[in-house]
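Each remark here refers to the structure printed beneath this line.
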Amino acid sequence: MTLDCDSPKEACGIFGVYGVENVAPIIYRGLFSLQHRGQEGAGIVVSDGSEISSVKGQGLVNDVFSRQPIDKLVGNLGIGHVRYSTTGSTRIQNVQPLVAECVDGLWVVAHNGNLVNAAPIRKMYQEAGAIFQTSTDSEVLVHLLADPMYRSRPRRVARALAELEGAFAFLLMTKNCVMAARDKQGFRPLSIGKLGDGYVFASETCALAQTGAEYLRDVCPGELVVADQAGLHSSTFVDEDESRLARCIFEMVYFARPDSQVFGENVHSVRLKYGEQLAVEHPVDADIVISIPDSGNSASLGFSRASGIPLDFGFIRNHYIGRTFIMPEADARSSGVDMKLSVLAEVVNGKRVVVVDDSIVRGTTIRRRVTSLREAGAKEVHVRVSCPPVRNPCFYGVDFPTRDELIAGHEDVETIREFIGADSLGYLSLEGLFLSFEGRHCFCDACFSGEYPTEIACKDGKQALESMSNELNLDI
Ligand code: AMP
């Protein structure tokens, strides 16, 4: 197995509607509910059956669509995307949905996840003379769809999708239909809802609820679902095979909103159990349990319930600043950390405090939190983390940097404890992480275990496709 990529990646959010009047405001609401999955850019493309119109921009959903109002987006089908730069830089061309004019019509593409074989496919098309407009991995699907090999044959979309390896939840749109597809291993979530006479697709069910849609089911791994005039119909592009499932466990740990159902489970309930199990695995004598809001909320409640130690508010969050980690630039991240949380000294002063967070990646955030708790007078600070040490980079859409940047990639728990300045540090075990599921086999836990469920073809980082495009050799 080839595993020498070092690509930082992160999930995005996708949302689509078919068959409802004036879809743009609905997609806007859907994207707004998925904002936690990406804050770098947002876009909506709609169709009225003959014309396609779009609005896209960099920044938060609210900012993008207040700068460019959506009133001009008229249509009864459409798809939208919120972006974190998974592959490719933060330039505007990379903001999705991508719109491509093929010989037989327009294709609109929105992607969540990361394709592990995008680089060789792109290289093949570029060598044959194709021009790529973006540096995203998602664009290779457009070229596969436009390729006469697929274009001219039945089940063209299914055939194109079957060429892709790695993690994808795709929404595709033509002028008159919306399609949804999930990779054969089911890395990323994608749900289907019913809204009036139409259908809605969303990365997370929280977005269905916020738009008044009723949850029907998830798109199955390897399934292509089409919503068009004939209703909803489904086919598979790869035969179902339970044994290769690799749902991303980090969706449960951190990404997804607690009010979402992901892979059939309510995220809050799962995190609550993580917290309970953490209290069993790493008990401690303390006066209060506090959470790092919001990511540690559910697990800290679980820890408190299982340990009997009362839960209190030790940190107050400023809600007008986004998820700090989702700001991709290192500087933005570190300055954001200070702005986001303040300690309630009245709660922690003189206390033995257990502080619960969802994960430690580089260790910078929790180190600051421990320092601020001590400055506010905490007598002891015990850190509990509701997942195992993150030791390995992710190639499937989660922004885990190189092993060098991951503190647990090169340090043991005791060294990390010293670095963050805690009195004790306890991580949830890998076994504990899967206690509430039927087993580990259905999940990808490569970030913890190092066991990757696919081959990795790309050997470069986030800018991999960027640099391929830049190697211009002019001989005129
Ligand atoms: P740090 O250890 O300073 O790199 O930051 C870890 C914190 O960032 C965790 O407490 C999470 O809340 C959050 N986090 C962890 N993993 C990710 C990720 N892949 N993308 C965005 N935020 C993350």
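The values are calculated or read from the model by the stated rules, or taken from the named source; none is laboratory data. Every value quoted in this text rests on a predicted model; they were computed, and no experiment measured them. Because the Cβ atoms are built from the backbone with ideal geometry, glycine has one as well, and the counts that use them run over all protein chains shown.
Observations
- Boolean, I476 is surrounded by fewer than 17 Cβ atoms within 10 Å (Cβ to Cβ) and at pLDDT below 95: yes
- Positions within region 344-380 being among the β-branched types (V, I, T), touching a helix residue (DSSP H, G or I) at 6+ places or on another chain (Cβ under 7 Å) and within 15 Å of the ligand (Cβ to nearest atom), in sequence order: V355, V356, I360, T364, T365, I366, V370
- Wholly within region 33-102, strands (runs of 3 or more DSSP E) carrying at least 3 residues that are aliphatic (A, V, I, L, M): 41-47, 77-83, 98-102
- Apart from one condition, W107 fits all of (1) outside any strand (DSSP E or B); (2) at pLDDT 95 or above; (3) touching a Leu at 6+ places or on another chain (Cβ under 8 Å); the exception is (1).
- Every residue from region 225-264 that is among the charged types (D, E, K, R) and modelled with pLDDT of 95 or more: D228, R247, E251, R257, D259
- Residue list for region 328-353, restricted to those being more than 26 Å from S424 (Cβ to Cβ) and either at pLDDT below 75 or among the small types (G, A, S) (or both): P328, E329, A330, D331, A332, R333, S335, G336
- So C387, is it closer than 24 Å to S304 by Cα, near the ligand (Cβ under 10 Å from one of its atoms) and modelled with pLDDT of 90 or more: yes
- Number of the condition not met by P221 [criteria: (1) over 30 Å from R153 (Cα atoms); (2) of a type outside the set (K, R); (3) not in a helix (DSSP H, G or I)]: (1)
- Considering residues of region 393-449 that are within 16 Å of A246 (Cβ to Cβ) and among the small types (G, A, S) only, the residue surrounded by the fewest Cβ atoms within 10 Å (Cβ to Cβ): G439
- Which numbered condition R317 fails, given (1) more than 30 Å from A180 (Cα to Cα); (2) out of contact with any Pro (no Cβ under 6 Å at 6 or more places or on another chain); (3) of a type in the set (K, R): (2)
- Scanning region 230-264 for residues that are touching a helix residue (DSSP H, G or I) at 6+ places or on another chain (Cβ under 7 Å), part of a strand (DSSP E or B) and either surrounded by fewer than 23 Cβ atoms within 10 Å (Cβ to Cβ) or not hydrophobic (A, V, I, L, M, F, W, C) (or both) yields S235, R247, Q261.
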